[in-house]
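Engineer: Before I ask anything, let me first share the structure, which is written out below as structure tokens.
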Amino acid sequence: MSSRGASMKVVLTGASSGLGQALAIEYARRFPGLTIALVARRADALQAVIDQMPGANAVAYPLDVTDRAALGAMGRDFLERFGAPDVVIANAGINAPTLTGVAGDEAGFERVIRTNVVGVFDTFAPFVAAMRMQRAGALVGIASVAGVRGMPSLGGYCASKAAVIAYLESLRLELRASGVGVVTIAPGYIRTPMTAPNPYPMPFLMDADVFARHAVMAIEKRRRFAVIPWQMGWVARVLRVMPDALFDALFSRAPHKPRASARASGQ
């Protein structure tokens, strides 16, 4: 357990369930007395998370990360009250049906991109200048192994996570000399409400609290890119270099995610 405790300041989006809830509770366990801003749409769900974090100075910001003005106001409020954060984690994410040419799915595709990609940019934007001034801290994006290659029925989700991976890489280069680190966390299969409906095998499935422990350690070490669980990192490496013809033959008939299982990850 770290001695930084009460000096630690964290901002976390998508904090009401799934990975976000697990990350919030892990930060409170690891850094007693920390200040943490919990961002998600549902005030009641945020309060339920806060109730599991005794001793933490937890502040709830009920808002949707697709609301740029609300995120900006949150950032200004946090900076005025607590100063520059040590860690900002853009975790909020959703999955939705995004089959090309299917009536109605265009709205789902746009919603996924707005939440999973633009929401990451808008989460970081209010804090970059202040973190540059203190020449410290970390901007953390929760991507996914799903961003390595496209999968059937997951076009919007895979595209969004691939975009997050590339965006964070660009941001890391931009901030390289600033003292501000950029960390990409790419989860594999984690036991959350988002993965619960999956009707297919999920190799190396990991509980959310175990994921959170590994993720916080990776953030503390300022890992540039961390796949959790580590076994999925090897899967990702193989998929990345697999010839397109072989990849298409193996995965074109992969099981589709149920269309009724659109889920938010802590939104």
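The values are calculated or read from the model by the stated rules, or taken from the named source; none is laboratory data. The model shown is predicted, which means the values in this text are computed figures rather than measured ones. Here the Cβ positions follow ideal geometry from the backbone for every residue, glycine too, while neighbour counts run over all protein chains shown.
Engineer: Given the structure, is Thr66 loosely packed, with under 14 Cβ neighbours inside 10 Å and among the hydroxyl-bearing types (Ser, Thr, Tyr)?
Structural biologist: Spelling it out, it is not the case that Thr66 is loosely packed, with under 14 Cβ neighbours inside 10 Å and among the hydroxyl-bearing types (Ser, Thr, Tyr).
Engineer: Could you say which residue among Ser265, Ser261, Ser252 is small (Gly, Ala, Ser), surrounded by 18 or more Cβ atoms within 10 Å (Cβ to Cβ) and at pLDDT below 95?
Structural biologist: After ruling out the rest, the residue left standing is Ser265.
Engineer: Looking only at region 69-102, filter to residues that are among the hydrophobic types (A, V, I, L, M, F, W, C) and without any contact (Cβ under 8 Å) to a residue 12 or more places away in the chain; which one of those is farthest from Val39 (Cα to Cα)?
Structural biologist: Val102
Engineer: Do you know which residues across region 146-201 are part of a loop (DSSP other than H, G, I, E, B), of a type in the set (Lys, Arg) and without any contact (Cβ under 8 Å) to a residue 60 or more places away in the chain?
Structural biologist: Listed by number, the list holds a single entry, Arg176.
Engineer: Another one. Can you tell me which residue within region 114-126, out of those that are in contact with a helix residue (DSSP H, G or I) (Cβ under 6 Å, 6 or more places away or on another chain) and either of a type in the set (D, E, K, R) or not in a helix (DSSP H, G or I) (or both), is farthest from Leu19 (Cα to Cα)?
Structural biologist: Only one residue fits best here, namely Pro126.
Engineer: Going through region 16-47 one residue at a time, which ones are surrounded by fewer than 20 Cβ atoms within 10 Å (Cβ to Cβ), farther than 14 Å from Val216 by Cα and under 16 Å from the mean Cα position of the chain (by Cα)?
Structural biologist: Passing the criteria: only Arg41.
Engineer: Can you pull out the residues in region 223-249 that are under 24 Å from Arg30 (Cβ atoms) and surrounded by fewer than 12 Cβ atoms within 10 Å (Cβ to Cβ)?
Structural biologist: Trp230
Engineer: Let me ask something additional. For the condition out of contact with any Phe, Trp or Tyr (no Cβ under 6 Å at 6 or more places or on another chain), surrounded by fewer than 19 Cβ atoms within 10 Å (Cβ to Cβ), of a type outside the set (Val, Ile, Thr) and not in a helix (DSSP H, G or I), what is the one hit in Ala130, Ala103?
Structural biologist: None of the other options fit; the residue is Ala103.
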